[in-house]
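The values are calculated or read from the model by the stated rules, or taken from the named source; none is laboratory data. Predicted model, so just to flag it, every value in this text is computed and none were measured. Don't worry about glycine lacking a Cβ; one is built from the backbone with ideal geometry, like all the others, and counts go over all protein chains shown.
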Amino acid sequence: MTQPTANSNATSLETIFNQSTSSLNSFAPRLLDWFAENGRHDLPWQQHQTDKPNPYIVWLSEVMLQQTQVTTVLPYFARFMTSFPTVQDLAAAEWDTVAEHWAGLGYYARARNLHKGAKQLVAVIDETGDFPQTLAGWETVSGVGPSTAGAIMAMGLHRYGVICDGNVKRVLTRWAAIDGDITKSATTKDLWALAERLTPIENSGLFAQAMMDMGATLCTRSKPACLLCPLKDDCLAHAEGRETDYPVKAKKQPKPSKFSNALLMEDIDGNILWLQRPDNGIWGGLWSLPLQFVEKIDGKASGQTTAKKPDASDNKKLEVRSSEKVYEAEFTTAEQIIHEWLTENQLVAASTSSTLLDDDPIKHSLTHFHWYLTPQKLTINAKQMTKLNEKLAAAEIAFKWLSEQKAQDSLGLPRAMIKIIER
DNA sequence: CTCCAGGAAA
DNA sequence: TTTCCTGGAG
């Protein structure tokens, strides 16, 4: 039987989605049935079984889950909820306490935005008596973008909200065989339109939960469990056996490599110097050993499979480069001060003697470069330490002399620093 | 080992 | 469009 005219019109309007109206309409019921039967209902931040959802819990967990898997987030979430049971507790906390709680989760701008967002939310609550109730209201909170705001609306307030995160994009590009590059804004726009078309007005929270569960447990990047999928009958990628061809993403360019020395500067009491990094840039707001830039190599090191090991000649290179542009680009203010102080004290030149002890580099890969960090130990006498402390204090640098153990226990240290001190 | 995924901000 | 980090898969 042919479709009535009204439906034909609807179908033609929806051809950008590559799917029939009946498939589009039955998507949500199929997904929700699957979720009720097979989804995860015991995650500590889920609010779908209560009539009084807690937006703080959903906001906190969604920010943590932004670029991080559930199993990684679980212990961090538990510790945050113990230390900061309410948004007021989080807003009132010291930044260093928040940083220490977040340390190891990565993408530390999320932690800074979370702390800032808590203060913003407390201001809204003090003024209106409640959390923001609109999508636009949530999007003004630092660290909350379109998808997180939709998740909070749907799951944290039980209002209408649409999500379109990485899980959703993987499910939808496969189901509708959307072969545009998902890093392009045009494809993102199409995927949002499709997500909105599929999200039911009622139960958008359950739908969001179900989509994330689908993407995380069934429609995985590799080896998707299509036989268990409630969408397999009209999944266009599955029909062609091309599930893993989606989502389409432009190939990434090779990463450059950077080489730095990580200084273990030990005073006479055996304490080590730690610096708080600036808010912007890598490990923003966290604590690190002083790093000294050595050199940068573009792209893949040609034919070189093992890490280059910076030696005394590289330190000479540093001296030459220190007057060039790269100097300011690669050093924080604190590290420039330390570099000058090292030079004054002729400690750099001593690297070939027993004063600086070379060690194997630690490899730490970030989004857009590989970082080879070579730990170097040097002992500082009391007079040198006093002079250095004066210089750092004059520049208003946050610094601490702490044992490795105390630093690990009390400071927010990124993983790379843990790798170094666990040597 | 290498490669990959993932939201928001700037 | 580029910049943020880490854990897990291959």
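Things to note:
- Residues located in segment A:65-91, provided they are over 22 Å from A:G166 (Cβ atoms) and either among the hydrophobic types (A, V, I, L, M, F, W, C) or outside any helix (DSSP H, G or I) (or both): A:A78, A:F80, A:M81, A:F84, A:P85, A:T86, A:V87, A:L90, A:A91
- Restricting segment A:248-283 to residues that are polar (S, T, N, Q) and within 16 Å of DNA strand B (Cβ to nearest atom) leaves a set whose member that is modelled with the lowest pLDDT is A:Q253.
- Looking only at segment A:250-288, residues that are closer than 16 Å to A:I380 by Cβ, polar (S, T, N, Q) and surrounded by fewer than 21 Cβ atoms within 10 Å (Cβ to Cβ) come to 1 in all.
- Taken over segment A:270-280, the criterion of being at negative phi and touching a residue at least 40 places away in the same chain (Cβ under 8 Å) is satisfied by A:N271, A:I272, A:L273, A:W274, A:L275, A:Q276, A:R277, A:P278, A:D279.
- The residue that is nearest to the chain's Cα centre (by Cα), counting only those in segment A:235-245 that are over 16 Å from A:Q19 (Cα atoms) and assigned to a loop (DSSP other than H, G, I, E, B), is A:R242.
- Filter result for A:G215 (outside the structural domain of A:L413 (by TED's automatic domain parsing), outside any loop (DSSP other than H, G, I, E, B) and within 13 Å of DNA strand B (Cβ to nearest atom)): yes
- Lone qualifier among A:S302, A:S365, A:S288 - being at pLDDT below 80 and either in the same structural domain as A:K391 (by TED's automatic domain parsing) or within 16 Å of DNA strand B (Cβ to nearest atom) (or both): A:S302
- Of the criteria (1) touching a His at 6+ places or on another chain (Cβ under 7 Å); (2) in a helix (DSSP H, G or I), which one A:L392 fails: (1)
- Scanning segment A:179-234 for residues that are under 25 Å from the mean Cα position of the chain (by Cα), within 16 Å of A:G39 (Cα to Cα) and within 13 Å of DNA strand C (Cβ to nearest atom) returns A:A216, A:T217, A:T220, A:P224.
- Unique residue being assigned by TED's automatic domain parsing to the domain that holds A:P200, in a loop (DSSP other than H, G, I, E, B), more than 10 Å from DNA strand B (Cβ to nearest atom) and surrounded by 15 or more Cβ atoms within 10 Å (Cβ to Cβ) when the list is A:G143, A:G161, A:G137, A:G106: A:G161
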